[in-house]
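Chemist: Before anything else, here's the structure in question.
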Amino acid sequence: MARHAKHFEREMEKLKNMILSLGTEVEENLQMAVKSLYERNSSLGMMVIDFDKKIDNMEVDVEEECLKILALYHPVANDLRMIISILKINNDLERIGDLSVNVAERAIFLATQNKIVIPDDLTVLAKKTQWMLKRSLDGLVNGDSELAREVCASDDEVDDLNRAMFSHIGKKMQTHPEHFNAFLHLLSASRYLERAADHATNIAEDVIYMVEGEIVRHGGKRAQASEKQVDEQSEI
């Protein structure tokens, strides 16, 4: 029995290291994608695309490890919650990897066009998205749900920045139609970064679930029930 427990502990430690390694690779690839966009660097953009194959392989390895542990050890309680969270985080990290490729592809196209000024809103959005991913992964590493909650609280700000980008670029398209295609690709990059931030938020929500056992997606049933109770008491 003791040997079985030790094997399980080793497998869980291995799984944690695998998901953290994947997180590191995804974070670095997102940084490279953003850099390729700002520097109009097609070579760097191609590196992002090529590196995504490694991320895909790592994602498959993590999923297989999770399924192996579930089949062999039948974990319960906190351990089961951790494996479920890692499975979901694994998927979100892979999606961020795909979105980094999409940003890199926009960068490669923009490198072939006349240079256009990147709006400040996109600069802030890109930095915020990278911060959210880093913060959510820090929460995962440290088992810190408060860090994760900071990420969740930032999601609306990224949505607002993306909307501001659409408004700004829409006006630019009207005044500078000769750059229409370039502006269109810049809008796509903004949308991809906003979606990456959504996935970072998903990761943060899963960290909260892993640490506290609380499902906070869509406000969480418990949160809604608590708000309803407060409203009912205020009417008495």
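The values are calculated or read from the model by the stated rules, or taken from the named source; none is laboratory data. Given the structure is predicted, the values throughout are model-derived calculations rather than measurements. Here the Cβ is made from the backbone with ideal geometry for all residues, glycine too, and neighbour counts use every protein chain on show.
Chemist: Which condition number in (1) within 24 Å of ILE203 (Cα to Cα); (2) surrounded by fewer than 18 Cβ atoms within 10 Å (Cβ to Cβ) is the one that HIS4 fails?
Modeler: (1) is the only condition that HIS4 fails.
Chemist: Looking at (1) under 30 Å from GLN113 (Cα atoms); (2) surrounded by 13 or more Cβ atoms within 10 Å (Cβ to Cβ), find the lone condition where CYS66 falls short.
Modeler: If we test CYS66 against (1) under 30 Å from GLN113 (Cα atoms); (2) surrounded by 13 or more Cβ atoms within 10 Å (Cβ to Cβ), just (1) comes out false.
Chemist: Taking the condition under 23 Å from MET165 (Cα atoms) and of a type in the set (Asp, Glu), does ASP121 pass? Explain how you work it out, then say what you get.
Modeler: Working: under 23 Å from MET165 (Cα atoms): yes; of a type in the set (Asp, Glu): yes.
Against the criterion (under 23 Å from MET165 (Cα atoms) and of a type in the set (Asp, Glu)), ASP121 qualifies.
Chemist: Quick one: count up the residues across region 37-77 that are assigned to a helix (DSSP H, G or I), out of contact with any Gly (no Cβ under 8 Å at 6 or more places or on another chain) and under 17 Å from LYS14 (Cα atoms).
Modeler: 16
Chemist: Additional query: Tell me whether region 88-109 contains one or more residues that are among the polar types (S, T, N, Q), touching a Lys or Arg at 6+ places or on another chain (Cβ under 8 Å) and either over 23 Å from ASN202 (Cβ atoms) or surrounded by 17 or more Cβ atoms within 10 Å (Cβ to Cβ) (or both). I'd like the intermediate steps shown before the answer.
Modeler: Applying the first criterion (among the polar types (S, T, N, Q)) to region 88-109 yields 90-91, 100, 102.
Now restrict to residues that are touching a Lys or Arg at 6+ places or on another chain (Cβ under 8 Å): none.
Among the residues of region 88-109, not one is among the polar types (S, T, N, Q), touching a Lys or Arg at 6+ places or on another chain (Cβ under 8 Å) and either over 23 Å from ASN202 (Cβ atoms) or surrounded by 17 or more Cβ atoms within 10 Å (Cβ to Cβ) (or both), which makes the answer no.
Chemist: Additional query: Hey, among the residues in region 155-188 that are free of Cβ contacts under 8 Å to residues at least 40 places away in the same chain and either in contact with a strand residue (DSSP E or B) (Cβ under 9 Å, 6 or more places away or on another chain) or hydroxyl-bearing (Ser, Thr, Tyr) (or both), which one's farthest from GLN130 (Cα to Cα)?
Modeler: If we take residues in region 155-188 being free of Cβ contacts under 8 Å to residues at least 40 places away in the same chain and either in contact with a strand residue (DSSP E or B) (Cβ under 9 Å, 6 or more places away or on another chain) or hydroxyl-bearing (Ser, Thr, Tyr) (or both), then THR175 is farthest from GLN130 (Cα to Cα).
Chemist: For SER21, state whether it is farther than 30 Å from HIS185 by Cβ, polar (S, T, N, Q) and surrounded by fewer than 16 Cβ atoms within 10 Å (Cβ to Cβ).
Modeler: On the way: farther than 30 Å from HIS185 by Cβ: yes; polar (S, T, N, Q): yes; surrounded by fewer than 16 Cβ atoms within 10 Å (Cβ to Cβ): yes.
Taking the combined requirement at face value, the residue satisfies it.
Chemist: Continuing with this model, one more query. For LYS35, only one of the following conditions fails: (1) over 18 Å from PHE109 (Cα atoms); (2) without any contact (Cβ under 8 Å) to a residue 24 or more places away in the chain; (3) under 20 Å from the mean Cα position of the chain (by Cα). What is its number?
Modeler: (1)
Chemist: Is it true that some residue in region 134-147 is farther than 20 Å from ARG81 by Cβ and at pLDDT 95 or above? Step through it out loud before you land on a result.
Modeler: Narrowing region 134-147 to residues farther than 20 Å from ARG81 by Cβ: 134-135.
Remaining after also requiring at pLDDT 95 or above: 134-135.
The answer is yes, given that some residue of region 134-147 is farther than 20 Å from ARG81 by Cβ and at pLDDT 95 or above.
Chemist: For TYR192, only one of the following conditions fails: (1) buried (at least 21 other Cβ atoms within 10 Å of the Cβ); (2) aromatic (Phe, Trp, Tyr); (3) modelled with pLDDT under 95. What is its number?
Modeler: (3)
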